[in-house]
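Derivation of every value follows stated rules applied to the coordinates shown; laboratory data play no part. Everything numeric here is computed off the predicted structure, so don't read it as measured data. Using ideal geometry, Cβ is built from the backbone for each residue, glycine included, and neighbour counts are taken over all protein chains shown.
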Amino acid sequence: MTRERLWLGARLMAPLAPSSVLDGILFGAVAVASGMTPGVAILLSAAAFSGSAQYATLAIFREHGSVGAAILAAVALNVRYLAISATAVANSTASRWRRAASCLLLTDESWAVTSHIEDRGDSLVGAGLVDWLTWTVGTAVGTLVGVHVGTSNQFGLDAAFPAIFAWLLLSKKPWRSAAAAAIVGALVAVALVPISPPGVPVLGAGIVAIVWGLIR
């Protein structure tokens, strides 16, 4: 692993670092205001390192959903990384273990900023480390803010969940296909709310949206 390639990935990710910090602050504040302890919120960001999956997990726990539903929802939201990781290390000359290790820090952002590098395994690690550090630090700062909020809906923070997923939807291209999958998933979630325990509607919506996207 070369230091030059690590620094290259870090420099490429640096312009996106402020947004990652802000995202982390929002998650930390919402998590603590929703009843999660600061330590658990920070540990979740450091270990899971997946904004969409963490928000889904937090939403399920807020409604007293099961651990199984939260895990399955996180897996459903992150299944895209199977394809992304394959493309990220397709041209890598590193060993199998080094390629696998580089994918542990893979995010949409680190994958995108290093996409022009042919053998980008080490650069991917550098970019991922910056993204991980800023997200985790942002979460820690957010927990300090969240403890003074009270409840997540006191200042409208409960709107953060749909707002985050709406932002994720609008950031996708082509957006019409993503919008269709989101609408189908929403209809499934609404149908499941009256007849299923907390967490299942989110899980069901995620699975159906993924299947819809694949068959389209």
Arrange the following residues from fewest to most other Cβ atoms within 10 Å of their Cβ: ARG62, ARG80.
ARG80, ARG62
Rounded Å value of the spacing that divides the Cα centres of the stretch 50-88 and the stretch 1-43
17
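Computed FRET efficiency, Cβ-Cβ of LEU82 and ASP119, R0 22 Å: what is it to the nearest 0.05?
0.60
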Length gained when the stretch VAL211-VAL147 is fully extended (0.36 nm per residue, less Cα-Cα span)
19.2 nm
Extension gain from SER95 to ILE183, taking 0.36 nm per residue of separation minus the Cα-Cα distance
27.5 nm
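What does the net charge come to around THR136 if you take all other residues with beta carbon closer than 15 Å to its beta carbon, with K and R at +1 and D and E at -1?
Result for the local shell: -3.
How much space per residue, in cubic angstrom, does the convex hull of the C-alpha atoms of the stretch 74-134 take up?
Working: hull volume 4.8 nm³, N = 61.
Hull volume normalised by residue count: 79 Å³.
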Quick one: Cα convex hull volume of the stretch 3-158, Å³ per residue?
108
Counting other beta carbons within 10 Å of each residue's own, what order do LEU124, LEU43 fall into, fewest first?
LEU43, LEU124
Spelling out what I want: for every residue of the stretch 17-28, take phi, set θ = phi - 60°, compute 6.51 cos²θ - 1.76 cosθ + 1.60 (Karplus), and round to whole Hz; glycine and proline get x.
4, x, 5, 5, 4, 5, 4, x, 4, 4, 4, x
Can you sort ASP108, ASP119, ASP23 from fewest to most other Cβ atoms within 10 Å of each residue's own Cβ?
ASP119, ASP108, ASP23
